[in-house]
Amino acid sequence: MTPSLYQRLGESEGITAIVDDAVDRHAVNPLLAPRFSGKDLAHAKRMGAQFFCMGAGGPQRYEGRYLRTAHAGMNINEQELIATIDDFVAAMQGQGVGTTEINEVVAILYSLKGDVLRV
């Protein structure tokens, strides 16, 4: 049986490390930092890890708001979405994630654009 994306990313521990790294990158990324300034980054990391684990096939339940609701009124543009995805790619590369898994995650993240962009 082929391992799930969740397993291939290192399960909860690996995904949490990726999300923690990505959120830290968002906080200093010139395109994204203004959106993260003064925010509860620990909460963002916790919710991000739950969402990512669940979306990758893990047993975790996401306890946050719906994606569209969480991003409502933020008017996020495509450039910011790409910067966010780029930060995740860099975080995954930093954690030694393989190209196949990175490509799968990028495809999943990009597929969520309708719930994030300009809502």
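Before moving on, here are some points about what is shown:
- Phi-derived couplings, Karplus 6.51 cos²θ - 1.76 cosθ + 1.60 at θ = phi - 60°, listed residue by residue for region 34-40: x, 6, 9, 4, x, 8, 7 Hz, with x used for Gly and Pro.
- Region 92-99 - phi-based ³J(HN,Hα) in whole Hz, Karplus 6.51/-1.76/1.60, Gly and Pro as x: 5, 4, x, 8, x, 6, x, 4
- Stretch gain in nm, segment Leu117-Asp24, where the contour uses 0.36 nm per residue and the Cα spacing is subtracted: 31.3 nm
- Take each peptide in 24-35, 44-55, 78-89, count the other Cβ atoms within 10 Å of every residue, and average; sorted highest first, the result is 44-55, 78-89, 24-35.
- With all protein chains kept in place, the per residue accessible area of the chain amounts to 58 square angstrom at a probe of 1.4 angstrom.
- Largest GNM mean-square fluctuation among Gly38, Gly57, Gly98, using the chain with Cα springs under 10 Å: Gly38.
- Separation of the Asn75 and Lys39 label points, Cα + 7 Å toward Cβ, nm: 1.7 nm
- For the chain, the fraction of 1.4 Å probe accessible surface lying on carbon and sulfur atoms is 53 percent.
- Sequence-ordered 3J(HN,Hα) estimates for region 78-86 from the Karplus curve with 6.51, -1.76 and 1.60 and θ = phi - 60° stand at 4, 4, 5, 4, 4, 4, 5, 5, 4 Hz, glycine and proline given as x.
- More than 22 Å apart - percent of Cα-Cα pairs taken over the chain: 28 percent
- On the principal axes of its alpha carbon atoms, region 5-51 extends 33, 18, 12 Å, with the longest extent given first.
The values are calculated or read from the model by the stated rules, or taken from the named source; none is laboratory data. Treat the numbers as computed from the prediction; the structure is a model and nothing was measured. Positions of Cβ are generated from backbone atoms using ideal geometry, with glycine treated the same way; all protein chains shown enter the neighbour counts. Ligands, DNA and RNA are excluded from the accessible area calculation, which covers all protein heavy atoms including side chains. Shrake-Rupley method; radii C 1.70, N 1.55, O 1.52, S 1.80 Å.
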